[in-house]
Amino acid sequence: MTDASSSNRLVFDSGTLLLDRGTKDQLEAWFGPKVWMWDHRVLKWRCDAIHYGQIRQGLAAFDTGILDEVPKVDQGAPGGLLTFASEPKLPPLRPEQLQAIEAWSRSKRGIIVMPTGTGKTEVALAIIAQSGIPALVVAPVRDLMYQWHRRILRGLGIDAGILGDQRNTIRPLTVTTYASACIHATELGSRFGLLVFDECHHLTGPIRADAARCSTAPQRLGLTATLNADARELEVLIGPVCYELGLQQVKGNTLADYDVVRIAVALGPSERVRYKEISGQIASYVHERREQDPLFEWKDLCNEAAKGSQASRIMRLYREKESIEDRADEKLDVLEDLFRLHLGEPMIIFTGTNAMARKISLRFLIPCLLSHCGKAERLDYLEGLRDGVYPALVANQVLDEGVDLPEVKIAVVLGGKSSTRQSKQRLGRILRKRGNARAVLYEVVTAETKEVQKSRNRRRNDAYQGTSHRKLRRRPDPS
């Protein structure tokens, strides 16, 4: 019988793994370099729990003499299997969904990139059912957390636990938010064998990454419609991209066919004068600073502005300049035209700021959905749009991702970021197929401002390839 005091134990400890002893050369030979660090506080080797899969491979390959006491929830350990009350009731999967599952199943780690509306959730539910092991589903916001809970109950027949929104019920299948997953990362780390990260681009960053870093789960699935510069970090936390489906491959088939219409508007006389005045002051300041320091850039301006120097005045001018671009009066006139053109059709309006969203809400008497809106208020607005109670919704970023509105086929973008990610997400809101209805996204851009370049940047992705970009003929002014 082995003496417990003499055994070399591997245990889970608050989001990390602890190993009693071993030389550095031994550990590198068994588990690879840069995994373990010596913890002088407890006189043991320590590493992030994310390395457990790699360590388990080493334990299987070498005679290490290490006693692995980490819970193996993916191998039928106590509490290590999901219990299905009945056979999962998932819809038949399309060929591209089956291909995604097959690609992920080869290593059971990786990211699936599929456009909004092509069934990423069904893919994840099929993988959860197929694995049959405890799984934690992580969503960006509370609304999506509850949406996942409903989909799991309907598709798998499991009443999943909920961690977040002042609820703390942890079950073998649990849904949570990125914020809650980070807060509870150290206690959740050894309880799940599969992690599912919805909209996984939210995982990057030193704090949110703890949701992946502090877990021993050997199986990991990331879901996203857009993957940009964060792919490298996500590969470490989840795995590489194992399947990618382009929007053009499903346009008009799985997804609705669509057009993108770009409408240029002009600044009014007073707006144009003020805009040029502000632009001149900002350019003069930047020129002066770059004469002093050729490497002067945006982050330096932000740092100086925080110290209350002249840079703070320039920063205020910059915000005013952005506000003029975002809230140009003619944008509202165009929006009025579009309401007339699509009378009786539900519509989503995306803005670049909360201020513009409120301005539109007050002028056209439509609900304004912002991040601070309560759960009941959000549900009322979304259900009202679906049921035809409200003709339109205006939002800043709340509707950018994860909201199912198949009835809506018209979207108007009045402002926002230049990222291709946001442009794909916003377009995706209107692409869920409903009969033969064709979707239209209007992009209203203030001419001769930085919005023009933002618009060009947004169009540098496959979502905008082959679409029509034309000017909308404005109705004549009755005066």
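The values are calculated or read from the model by the stated rules, or taken from the named source; none is laboratory data. It should be emphasised that the depicted structure is a prediction, and the values quoted were computed from it without experimental measurement. Cβ: placed from backbone, ideal geometry, glycine included. Neighbour counts: every protein chain shown.
Surrounded by 17 or more Cβ atoms within 10 Å (Cβ to Cβ) and in contact with a His (Cβ under 7 Å, 6 or more places away or on another chain) - does that describe any residue in the stretch 267-282? No: zero hits. Comparison of Leu153, Leu195, Leu136, Leu163 shows that the only residue that is free of Cβ contacts under 8 Å to residues at least 60 places away in the same chain, outside any loop (DSSP other than H, G, I, E, B), buried (at least 21 other Cβ atoms within 10 Å of the Cβ) and not hydroxyl-bearing (Ser, Thr, Tyr) is Leu163. The residue pairs whose first member lies in the stretch 380-396 and is more than 15 Å from Asn354 (Cβ to Cβ), whose second member is in a helix (DSSP H, G or I), and whose beta carbons are closer than 7 Å, counting only pairs six or more residues apart or on different chains, are Tyr390/Tyr381; Tyr390/Gly384.
Scanning the stretch 29-53 for residues being surrounded by 15 or more Cβ atoms within 10 Å (Cβ to Cβ) and part of a helix (DSSP H, G or I) gives a total of 7. Could you go through the stretch 356-377 and let me know if any residue there is surrounded by fewer than 20 Cβ atoms within 10 Å (Cβ to Cβ), in a helix (DSSP H, G or I), charged (D, E, K, R) and modelled with pLDDT under 90. Yes: the stretch 356-377 contains one or more residues that are surrounded by fewer than 20 Cβ atoms within 10 Å (Cβ to Cβ), in a helix (DSSP H, G or I), charged (D, E, K, R) and modelled with pLDDT under 90. The residues of the stretch 166-181 include none that are assigned to a strand (DSSP E or B), more than 21 Å from Ala376 (Cα to Cα), free of Cβ contacts under 8 Å to residues at least 24 places away in the same chain and not polar (S, T, N, Q). Residues that are more than 14 Å from Pro391 (Cβ to Cβ) and surrounded by fewer than 18 Cβ atoms within 10 Å (Cβ to Cβ) within the stretch 333-352 comprise Asp333, Asp337, listed in sequence order.
In the stretch 247-260, the qualifying residues are those that are crowded, with 18+ Cβ neighbours inside 10 Å and not in a loop (DSSP other than H, G, I, E, B), and the one that is nearest to the chain's Cα centre (by Cα) is Leu247. Scanning the stretch 198-246 for residues that are of a type in the set (Gly, Ala, Ser), assigned to a helix (DSSP H, G or I) and crowded, with 23+ Cβ neighbours inside 10 Å gives Ala211, Ala212.
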